[in-house]
Structures are given as structure tokens and as C-alpha cells.
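The values are calculated or read from the model by the stated rules, or taken from the named source; none is laboratory data. All figures in this text were calculated on a predicted structure; none of them were measured in a lab. Methodologically, a virtual Cβ is constructed for each residue, glycine included, from the backbone with ideal geometry; neighbour enumeration extends over all protein chains shown. Protein only, heavy atoms only, side chains kept; ligands, DNA and RNA dropped before computing areas. Shrake-Rupley method; radii C 1.70, N 1.55, O 1.52, S 1.80 Å.
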Amino acid sequence: MKGATLLLFVACFVLATSFTLPCRYPPSAWCSSLEIASECGVLKQCVEYNNTSSDKVAIALYYESLCPGCRQFLTTQLYPTWVMLHDIMDVQLVPFGNAMESFDGKKYHFTCQHGEEECLGNMIETCVLNSVDPATAFMVIYCMESSADVVKSGQTCLELVSPSSKWDSIMTCVKGDQGNKLMHDNAVKTNALKPPHEYVPWVTVNGEHTEDLQDKAMSSLFSLVCSLYKGEKPPACTLAAKKKSRSYCFN
């Protein structure tokens, strides 16, 4: 993907300069060093390209729809951070958590830590994730998880965030073979975690889980994402890093 972006950048720049660049290097090498970029007259463009092409910070949340700690992390840390930093981070949601799975030869059966209602919530959110684009799905799930009743709010949240989506289609997924397979996939992903998850919410950062990363994510995911991003920091990160003035009213 990065190579394709570079080729597109090169092609656009060559067209814009009408093939008159005094450069002895092939276009594929223009951004390979500051010296070459300067000689070929594309220093500014290469700096911008390198900044915008940095890998995003990948955050994955393994959770349960009715777990109080999961709901708190998703609504007060993960979602607000994503709203401010979505340009530099990717989010993956995996609803399953501490559930158990069995197979009767025809379909999978799931037993959830907080009962059947949680299994239904997990399944609804899984089908939402499969039915709409990731950003829309995240907004629907945030709406559900921040509501008083996660499951009952599902239809309202879907219709509010994605009016073109059909609740009947979500429930067809929930009750059918598609939802059963999707939840099995979540079980496989969760059970493949290394180290194995011991609790939820369980957070991985760029595919890695350590207690240090977990603690930092739980205390300030925003600061963690800003610190890990290798490209040019977005304004939200740089403004947050500045010392805030304090105002007091003394008695």
C-alpha cells in the first residue's frame, strides 16, 4: 500500500512539473534520502509523504458487551481517543471475552460470563461490525455501550447512526448461520491470543499485550497512541502535550 502511494505521488508530481526536473535519479529513489529529494526538487513533498505514510497505531479490544469494565473503557477511553486520533490509529473490536464455546456437530453454542443477555449483545455487535463500515459500526456500538440497556438500545442506535441500515438484516445475522460463524471467528481470535487473555477488557497494541501497555491504555489511551505514533503528531497530540494553565478560586 505504501509503495502504491509513493508511485501515485511520483506520477502526480512528474505530471505537475511537465517532465523538466533536473534530476539524475529515477523517481522511485526520490524520497530515499534528504540529499536526493533536495537535488530533485521534491524535498517538501517527500517530507509530507513520509509523515502521512507512517503506520497507524493498531488498538484491538477483546471484550464482553455487558462487562462493566469493558463498557467503561470503550466509552471513556477507546471511543473518545478514536474520535480525536482516528487519522493515526486503527481500532479492532472483538466481542467474546470470557465466553465459552461448544460445537454439537452442526452449530456452535456460546455461554457468556454475564448470561444469555450478554451473548445476545455480543452477537448483535458482531453482526453490526460485519454489516456496516468500521467507523459506523464503532459509533453504533459506542451508542449501545453507553446506554442504560445495551441490548434494547441496539435498534435505536443503528437507526440513529446509520438510517439506511435495516435492523431486520442485523437480526437475521444474529439468529442465523452467519452470526454463528462470525461469533466462532471471534472465539478463535480470542483463544489465539498470546499471552492468553486473563481478564477483559484485554487490550493489544500493534498486536502486542503486556501489563505495561495495558496499564497505560487503561489510564490514558490518548497519551499512549500519541507517544507510539511515528509520523508527524496531529494537532490534538501536540496541544495536549503543552502545559495547561491552572486557575483557582481561593476562599
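A Cβ distance below 7 Å, combined with a sequence gap of six or more or placement on separate chains, defines the contacts here; from the range 58-71, residues that are in contact (Cβ under 8 Å) with a residue 12 or more places away in the chain reach residues that are open to solvent by less than 20 Å² (accessible area, probe 1.4 Å) and of a type in the set (Ser, Thr, Tyr) in the pairs Ala60/Thr204; Tyr62/Thr190; Cys70/Tyr63. Residue pairs whose Cβ atoms lie under 7 Å apart, separated by 6 or more positions or on different chains, with the first residue in the range 181-198 and within 16 Å of Gln214 (Cβ to Cβ) and the second assigned to a helix (DSSP H, G or I), are His197/Thr190.
The one condition from (1) of a type outside the set (Ser, Thr, Tyr); (2) open to solvent by less than 20 Å² (accessible area, probe 1.4 Å); (3) in a helix (DSSP H, G or I) that Ala135 does not meet is (2).
Quick one: is Leu66 touching a Gly at 6+ places or on another chain (Cβ under 9 Å) and either charged (D, E, K, R) or open to solvent by 30 Å² or more (accessible area, probe 1.4 Å) (or both)? For Leu66, the condition - touching a Gly at 6+ places or on another chain (Cβ under 9 Å) and either charged (D, E, K, R) or open to solvent by 30 Å² or more (accessible area, probe 1.4 Å) (or both) - is met.
I'd like the residue in the range 69-120 that is farther than 26 Å from Leu221 by Cα and part of a helix (DSSP H, G or I) and, out of all such residues, is least open to solvent (accessible area, probe 1.4 Å). Ranking the qualifying residues of the range 69-120, first place goes to Cys119.
Give the residue that is farthest from Phe73 (Cα to Cα), with candidates limited to residues of the range 143-168 that are open to solvent by 70 Å² or more (accessible area, probe 1.4 Å) and not in a loop (DSSP other than H, G, I, E, B). Of everything passing the filter in the range 143-168, Asp168 is farthest from Phe73 (Cα to Cα).
On the stretch given as the range 201-228, residues that are open to solvent by less than 20 Å² (accessible area, probe 1.4 Å) and out of contact with any Ser or Thr (no Cβ under 7 Å at 6 or more places or on another chain) total 10.
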